[in-house]
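Derivation of every value follows stated rules applied to the coordinates shown; laboratory data play no part. Quick caveat, the model's predicted, so the values are computed rather than measured. Quick reminder, even Gly has a Cβ in these numbers, built from the backbone with ideal geometry, and neighbours come from all protein chains shown.
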Amino acid sequence: MGATEVSTTPSSSPPPGPRRGSRFPASARWTLVFVVVMIALVVAIWPRGGGDDYGSATSARPSGPAATDAQVGDAELAAARRDAALADCPTGVAPQGPDAALAGITVQCLGTGAPTDVGTATAGKPLLINMWAVWCLPCRRELPELAAYAQRAGDKVDVLTVHAQEGAQNPYLVLKFLTEVGVRLPTVLDTRAQIAAALRVPKVFPSTVLVRPDGTVAKVLPQVFENPDEIASAVREHLGVTT
């Protein structure tokens with residue numbers, strides 16, 4: 001029906017009397033329709049699963065057939081790795097602490113395709129982990145700021161990006177995305193959501209996790225950083241490192 005419920009036919013009109021129209025003006029009803037549609041869209045892409053963390057659920061992505069499921073041959077994947085020219089994944093500089101959150105977790109280093117014991121690789125230095133995904137629009141905006149911060153921080157803080165579970169099964173797509181945005185940060189693929197579960201990261205993208213040199217989590221920040229200064233401020237506050 002349209003914005004009104006009154007018939008325009010001149011004949012057979014009911015006797016004059018109180019009109020039972022809508023209680024809301026047309027503008028208010030259209031606002032309500034808009035809100036309902038937006039809620040439906042959010043529900044369509046919201047993570048499925050009953051928990052608040054990644055222990056038993058998958059990451060969010062739009063429903064329907066996914067480009068993230070398509071695969072390519074070895075030659076195309078190797079070419080994508082060359083084009084992306086990602087920085088090497090970090091290597092540990094000290095033994096892991098007894099309470100290291102990432103102990104025993106092995107994932108694929110995207111730049112090389114080799115397995116990486118991420119707990120060992122990140123031990124001994126302050127660490128910034130950024131959880132993101134190719135289908136996350138705020139991530140596209142934030143990743144270049146992270147790259148600028150990593151250059152600024154130098155060897156004071158390791159910066160490692162982690163692609164969330166959904167989409168991580170397709171390294172080619174992730175490599176092409178990073179090539180497109182011009183970001184060459186070291187990246188690993190969290191194909192089984194092990195990193196997200198170990199760090200207790202909420203299903204919010206992007207999310208940044210600050211980890212102490214002993215491997216314990218200092219702070220989880222489910223937010224978008226707009227510039228390197230904001231990142232440096234968070235690192236200083238939660239890790240005690242000035243960058």
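Laid out as a table, the results:
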quantity	calculated
Cα-based shape type of region 185-225, given that a ≥ b ≥ c are square roots of the gyration tensor eigenvalues and the cut on a/c is 1.5	rounded
Distance (nanometres) between label positions extended 7 Å along Cα→Cβ at residue 91 and residue 74	2.6
Around residue 125: net Lys/Arg minus Asp/Glu count, Cβ-Cβ under 15 Å	-2
Label-to-label distance, nm, for residues given as residue 192 and residue 106 (7 Å Cα→Cβ offset)	1.0
Inter-site label distance for residue 114 and residue 219 at 7 Å from Cα along Cβ, in nm	3.4
Under 20 Å from residue 203, Cα to Cα: lysines that are on another chain or at least 8 residues apart	219
Among 201-214, 132-145, the order from most to least packed when residues are scored by Cβ within 10 Å on average	201-214, 132-145
Residue-count net charge about residue 234 - beta-carbon cut-off 13 Å; Lys, Arg +1, Asp, Glu -1	-4
Relative contact order [Cα under 8 Å, 6+ residues apart], region 118-243, whole percent	33
Paired Rg and Dmax values of region 106-151, which use every Cα atom, in angstrom	12.6, 33
Net charge of neighbours whose Cβ lies under 12 Å from the Cβ of residue 144, counting Lys and Arg as +1 and Asp and Glu as -1	-1
25 °C / 0.890 mPa s Stokes-Einstein diffusion coefficient of region 102-239, Kirkwood radius on C-alpha pairs, µm²/s	167
